[in-house]
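Note sheet for the following structure.
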Amino acid sequence: NHEWHLLSRPVGWPKPEDFALVETEVPQPREGQVLVRNEYLSVDPYMRGRMSAAKSYAAPYELGKAMQGGAVGEVVASNAEGIAVGDHVLHFGGWREYAAVDARHAVEVDPEAAPLSTYLGVLGMTGLTAYAGLLRTASFKEGDTVFVSGAAGAVGSQVGQLARLKGAARVIGSAGSDEKVKLLLEEYGFDAAFNYRNGPVNEQLRAAAPDGIDVYFDNVGGDHLEAAIGSLNQGGRIAVCGMISVYNNTEPAPGPRNLARLIQTRGRIEGFLVGDHYDLQPQFVREVGPWVRDGRLKYRETVVEGIENTLEAFLGVLRGDNIGKMIVKL
Ligand code: NDP
């Protein structure tokens, strides 16, 4: 068994020396546990937060121990009722090849119903994040003009397509390369899209949304958030999902300078965590599952192979190497 340990807490951009790939015995499942041979690992931006000691919604990773994360794999030994050898489960023992997991924390998934990797992405945590954030936190309604940042990523690409499928007047996305922008326009059906590296975000947004925006789904923070406030219409809603542009900062980033616009627009900014919205999971799968199956909602995955490349895959997410969900295949 190989597993990734955190050796020291990164300051700024994580460095390879902060981590180690360690060889250990395959763990033995205790009573009530199953042993899973992981097939797909998830690497996600929030993991950067868990590498820091700062108090947050998820406990910091412990130094010198295996890190955790979403994973799916096959049960190869079972000491738990209800889960048998050969079953596939979604669980939290990622960043390693073999995981002994409590059966009550493992969710059975069906590899016949959908490709296993999609339970980490389009039909999993990032999919539900898009669904809950757009529909519940941002109170999306038909006829809204929606702007989403990180729009070629796992969450963002699903937000834009959900908005389109649910009757948005106009969907606008931003991403960090011309190739990603092309994908948004040509494959995902965005009405407008821009590369935030090509010019000031506020100017590019104003050109893409001359009549303003009703919803901003924020994955990025920083100048994107300020630009969105600047383009917000009356009664506009901003769902704060993530702020990836600040995750590696060593100093607090300056706040948006135009918050006063929230007064005249009666605008609302609200953060959310997907973990609070799992009551929507059945509705999400019922509604979005068929769209994924029949191709009306498209998704991409960037698949990196091998446990030894898991750290690079994670760093790749912070750099923007990925299109759609970043997945590690073992
Ligand atoms: P993505 O698949 O979107 O990958 C992250 C992307 O962020 C990269 O591909 C990169 O794309 C972009 N990015 C990196 N640095 C910057 C920057 N400085 N400015 C703008 N864009 C940048 O990841 P996810 O879909 O998993 O997550 C998207 C966001 O949602 C993250 O902020 C994450 O923390 C948040 N999140 C929040 C959850 C919640 O419960 N609130 C749950 C899940 C995710 P590009 O090439 O376009 O720069």
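Read-outs throughout are calculated quantities, based only on the coordinates presented, and are distinct from any laboratory measurement. Small disclaimer: the values here were computed from a predicted structure and weren't measured. So basically every Cβ, Gly included, is an ideal-geometry build from the backbone, and we count neighbours across all protein chains shown.
Of 259, 311, 274, which is farthest on the positive side of the dipole of region 233-330, counting Cα position, with +1 on Lys and Arg Cβ, -1 on Asp and Glu Cβ, and the Cα centre as origin?
Ranked along the dipole, the leading option is 259.
Obtain the radius of gyration and the Kirkwood radius of the chain from its C-alpha atoms and give Rg over Rh.
Result for the chain is an Rg/Rh of 0.98.
As I understand it, the dipole of the chain uses +1 on the Cβ of Lys and Arg and -1 on the Cβ of Asp and Glu, about the Cα centre. Which of 100, 40, 322 lies farthest toward its positive end?
322
Charges only on Cβ, +1 for Lys and Arg, -1 for Asp and Glu: so what's the dipole of the chain about the Cα centre, in debye to the nearest 20?
Dipole magnitude for the chain comes out near 1140 debye.
Can you give me the long-range amide H partners of residue 150? Hydrogens built in the peptide plane at 1.01 Å from N, cutoff under 5 Å, separation of 5 or more residues or another chain.
174
Under a point-charge model restricted to the Cβ atoms of Lys and Arg (+1) and Asp and Glu (-1), what is the dipole moment magnitude of region 125-275 relative to its Cα centre, in debye to the nearest 20?
For region 125-275, the charge dipole is close to 360 debye.
Among 202, 184, 219, pick out the residue whose Cα is farthest towards the positive end of the charge dipole of region 176-324, where Lys and Arg carry +1 and Asp and Glu carry -1 on C-beta, about the Cα centre.
Selected residue: 202.
Starting at the first residue of region 270-275, write each ³J(HN,Hα) from the Karplus equation 6.51 cos²θ - 1.76 cosθ + 1.60 with θ = phi - 60°, in whole Hz, x for Gly and Pro.
3J(HN,Hα) across region 270-275, in whole Hz: 9, x, 8, 10, 4, x.
Give me, ordered by chain and number, the residues 5 or more places off residue 271 or on other chains with an amide H under 5 Å from its own placed amide H.
240
List the lysines whose Cα lies under 25 Å from the Cα of residue 325, skipping any in the same chain that are fewer than 8 positions away.
Once the sequence-local lysines are set aside, what remains near residue 325 is 15, 166, 180, 182, 298.
So what J values fall out for region 143-157 if you push phi through Karplus, 6.51 cos²θ - 1.76 cosθ + 1.60 with θ = phi - 60°, rounded to Hz, Gly and Pro as x?
For region 143-157, the Karplus curve yields x, 6, 9, 10, 10, 10, 9, x, 6, 9, x, 4, 5, x, 5 Hz.
Where nothing but the Cβ of Lys and Arg (+1) and of Asp and Glu (-1) is charged, how large is the charge dipole of region 35-148 around its Cα centre, in debye to the nearest 20?
Roughly 640 debye for region 35-148.
In 10 Å bins starting at 0, how do the alpha-carbon pair distances of region 125-275 split up by percent?
Pair shares across the bins are 13, 47, 35, 5, 0.
Mind checking the full-extension length gain between residue 264 and residue 283? Use 0.36 nm per residue of separation minus the Cα-Cα distance, one decimal, nm.
Computed gain between residue 264 and residue 283 is 3.3 nm.
Taking θ = phi - 60°, what integer Hz values does the Karplus form 6.51 cos²θ - 1.76 cosθ + 1.60 yield along region 288-305, in sequence order, with x for Gly and Pro?
Result, rounded to whole Hz: 8, x, x, 5, 5, 4, 8, x, 6, 10, 8, 9, 10, 10, 9, 10, 10, 9.
For region 287-330, state what percent of all Cα-Cα pairs lands in each successive 5 Å bin, counting from 0 Å until the bin that includes the largest distance.
6, 23, 22, 17, 11, 13, 8, 0
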